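Structure, as structure tokens:
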Amino acid sequence: MREFFFVVNPASANGTTKTVWREIGEYLKEKGVEYDFAFTTGPNHATQLTTDAIQKGYKWIVAVGGDGTVNEVVNGFSIEGKFAENASLGIISRGTGCDLIRTLGIPKEYQGAVEILKDKKTREIDLIKVEYLNHQGEKEGRYCINISDVGLGGYVAQRVNHTSKSAGGLWSYLRGTLLSILKYKNRQGRVIVDGNEVYSGVFSLIAAANGKYFGGGMKLAPMAELDDGYISTIILGDMGKGELFLNLAKVYDGSHLTHPKVKYYKAKEVIIDSKQRLPLEVDGENPGFGPVKYSIAEKVIKVIC
């Protein structure tokens, strides 16, 4: 059996990964990396491919795709309610946002990412369990490795995921954010942090963060750490369209936390309750809607970084 198993999303990076994978494969061979791989064929296929590879005995599972592909691979590490202890996650980023690798320190260029994989140095990190309603209105759960949010961020992700991403991560998300602000209507809800209600009323966005970045480079959660055992929770209160436009630049450097309508907490569990259907984003994808419950899963996965 070869050392590595690569789960490749050929549709990632606006459909260019299928072609670029040939280059990556040749580079891996040049560097003496022995591997097997499989292409994903649709939603959640990466999860099943990952589970199958782990059960076959592969110890180094590499996601080749965007943050959504990484999320699916991460969820494949959870087998019958337990996380695989003898396998580690690797990443070659081929997505639009590429936000997780910013926090992990993995290069975007595949050559640099391959060097990281060859070193096989791992770090145990946390995940966030997300419980929500799927598109059929049924209760569902999955793990988040980077950031999940309800409200404006979920609305932006829906827009970006249904338009061309050929402009690249920064511009695709910036354009999507600007257009979304014009049409988005703030939601209403309650936020319960570790059993205590900390917010009730109208809000623009509420996020549960494990990593620091989302939306193609926005530093939404500068205080977040991947292995501190806490969910970094950010609440953007009732901000009007003008306020959102004026403060958008601050989100890119993390200085938005000083705004009087922004609250942030460290938590083990966060519940966002609402009578409204809340647009939900999990690692750049839209698996369903809130209300939502977040809980921390401490150091359950090893990442090559």
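The values are calculated or read from the model by the stated rules, or taken from the named source; none is laboratory data. None of the values given here were measured: they were computed from a predicted structure. Note that each Cβ is placed from the backbone with ideal geometry, even for glycine, and that neighbours are counted across all protein chains shown. In case anyone asks, the SASA skips ligands and DNA or RNA and just uses the protein heavy atoms, side chains included. Shrake-Rupley method; radii C 1.70, N 1.55, O 1.52, S 1.80 Å.
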Considering each of Asp228, Asp194 in turn, give the residue that is within 30 Å of Leu117 (Cβ to Cβ), in contact (Cβ under 8 Å) with a residue 40 or more places away in the chain, assigned by TED's automatic domain parsing to the domain that holds His135 and among the charged types (D, E, K, R).
Asp228
When Lys31 is run through (1) closer than 26 Å to Gly216 by Cβ; (2) over 22 Å from the mean Cα position of the chain (by Cα); (3) among the basic types (Lys, Arg), the failure sits at (1)
Helices (runs of 4 or more DSSP H) lying entirely in region 44-152 (those with 3 or more residues that are in the same structural domain as Glu269 (by TED's automatic domain parsing), within 24 Å of Val251 (Cα to Cα) and among the aliphatic types (A, V, I, L, M)):
none
Within region 197-223, track down each residue that is charged (D, E, K, R) and either touching a residue at least 60 places away in the same chain (Cβ under 8 Å) or touching a Ser or Thr at 6+ places or on another chain (Cβ under 9 Å) (or both).
Lys212, Lys219
Within region 153-192, how many residues turn out to be in a helix (DSSP H, G or I) and at pLDDT 85 or above?
3
If we keep just the residues of region 17-50 that are touching a residue at least 40 places away in the same chain (Cβ under 8 Å) and open to solvent by 60 Å² or more (accessible area, probe 1.4 Å), which is nearest to Asp99 (Cα to Cα)?
Glu23
Please tell me if Ile79 is of a type outside the set (Ser, Thr, Tyr), more than 22 Å from Leu280 (Cβ to Cβ) and crowded, with 24+ Cβ neighbours inside 10 Å.
no
It is to be established whether one or more residues within region 73-87 are of a type in the set (Asp, Glu) and free of Cβ contacts under 8 Å to residues at least 24 places away in the same chain.
yes
Limited to region 268-305, what total is found for residues that are among the aromatic types (Phe, Trp, Tyr) and touching a His at 6+ places or on another chain (Cβ under 9 Å)?
1
Scan region 1-16 residue by residue and report those that are of a type outside the set (S, T, N, Q) and either farther than 19 Å from Asp52 by Cβ or open to solvent by 80 Å² or more (accessible area, probe 1.4 Å) (or both).
Met1, Arg2, Ala11, Ala13, Gly15
Tell me, yes or no, whether region 77-90 has at least one residue that is over 15 Å from Val300 (Cβ atoms) and touching a strand residue (DSSP E or B) at 6+ places or on another chain (Cβ under 6 Å).
yes
